[in-house]
Ligand SMILES: [Zn+2]
């Protein structure tokens with residue numbers, strides 16, 4: 001059973017595999033911020049709402065990664081309510097295999113399609129077309145996904161999606177998934193300027209001061225870049241470079257990790273090439289990367 005924690009007069013959250021937010025629009029009506037990983041999470045949310053005597057008006061998704069929108073389809077059908085995310089993130093949510101095709105760099109095999117399957121065309125709407133009710137606002141936090149947003153409630157509570165890795169990840173798994181290094185860094189800089197009483201990153205480390213975690217994440221990206229630069233000193237093939245990433249961060253290489261970490265590594269290389277730190281070249285018809293910084 002989900003446990004409800006009060007974060008403000010009208011704001012609650014559930015500390016699940018990803019944080020789920022609840023905001024009271026009126027005495028009876030609420031909206032959700034993200035819905036967990038699975039249909040089962042949607043069913044548990046329904047049970048909790050019933051127990052509280054609350055009706056669900058709509059769902060806001062910080063971004064459309066599958067561990068955040070698992071309960072959407074079930075809840076949309078059960079309550080006949082809309083669910084929103086940004087237009088660009090919805091491109092992935094509305095098509096089952098588009099995101100994994102992006103990650104993998106081509107149409108992926110059955111295993112990857114199953115693991116990273118999105119809900120498909122269940123009617124996600126664009127948040128850009130939605131006038132949020134008084135008490136709620138959002139800002140763009142791109143980098144981890146193309147269109148991620150943070151949502152602020154009238155209680156000065158911020159739901160920050162996956163804009164930061166938590167402290168545990170900074171120590172154990174530093175090569176977090178992202179789609180745009182420059183965007184990610186700008187988002188971290190933006191986080192440091194946000195005013196609020198409580199900040200809730202989706203994977204934990206709830207805090208009254210987000211700056212230390214944002215700075216920790218900035219340093220982590222810099223460290224990752226330094227590691228890649230070191231690995232590119234001699235000129236290296238992409239797959240050999242990815243092996244070094246797996247080895248350094250203790251990742252067991254498999255197809256899902258090849259897609260996730262491989263896609264993330266490509267994003268780092270794009271950024272580093274744009275910054276003039278590495279260059280791509282062909283040797284024996286094979287693409288290689290070299291440190292030119
Ligand atoms: Zn995510």
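Can you say whether residue 100 is away from the ligand (no atom under 15 Å from the Cβ) and surrounded by 15 or more Cβ atoms within 10 Å (Cβ to Cβ), as far as the supplied structure shows?
Against the criterion (away from the ligand (no atom under 15 Å from the Cβ) and surrounded by 15 or more Cβ atoms within 10 Å (Cβ to Cβ)), residue 100 does not qualify.
Which count do you get for residues in the stretch 176-229 that are in contact with a strand residue (DSSP E or B) (Cβ under 7 Å, 6 or more places away or on another chain) and either farther than 23 Å from residue 36 by Cβ or in a loop (DSSP other than H, G, I, E, B) (or both)?
7
If I filter the stretch 39-51 for residues that are under 26 Å from residue 256 (Cα atoms) and either in contact with a strand residue (DSSP E or B) (Cβ under 9 Å, 6 or more places away or on another chain) or not assigned by TED's automatic domain parsing to the domain that holds residue 153 (or both), do I get at least one hit?
Within the stretch 39-51, one or more residues are under 26 Å from residue 256 (Cα atoms) and either in contact with a strand residue (DSSP E or B) (Cβ under 9 Å, 6 or more places away or on another chain) or not assigned by TED's automatic domain parsing to the domain that holds residue 153 (or both).
Tell me which residues, restricted to the stretch 107-149, are more than 16 Å from the ligand (Cβ to nearest atom) and on the phi > 0 side of the Ramachandran plot.
120, 123, 135
In this structure, is residue 51 touching a helix residue (DSSP H, G or I) at 6+ places or on another chain (Cβ under 7 Å) and not in a strand (DSSP E or B)?
Considered against the rule, which asks whether it is touching a helix residue (DSSP H, G or I) at 6+ places or on another chain (Cβ under 7 Å) and not in a strand (DSSP E or B), residue 51 comes out as no.
Need the failing condition index for residue 255 against (1) more than 22 Å from residue 156 (Cβ to Cβ); (2) free of Cβ contacts under 8 Å to residues at least 40 places away in the same chain; (3) loosely packed, with under 15 Cβ neighbours inside 10 Å, just the number.
If we test residue 255 against (1) more than 22 Å from residue 156 (Cβ to Cβ); (2) free of Cβ contacts under 8 Å to residues at least 40 places away in the same chain; (3) loosely packed, with under 15 Cβ neighbours inside 10 Å, just (2) comes out false.
Looking only at the stretch 69-77, decide whether some residue is in contact with a strand residue (DSSP E or B) (Cβ under 8 Å, 6 or more places away or on another chain) and away from the ligand (no atom under 16 Å from the Cβ).
Yes, there is a match, as at least one residue in the stretch 69-77 is in contact with a strand residue (DSSP E or B) (Cβ under 8 Å, 6 or more places away or on another chain) and away from the ligand (no atom under 16 Å from the Cβ).
The values are calculated or read from the model by the stated rules, or taken from the named source; none is laboratory data. Note that this is a predicted model, so its numbers are computed, not measured. So basically every Cβ, Gly included, is an ideal-geometry build from the backbone, and we count neighbours across all protein chains shown.
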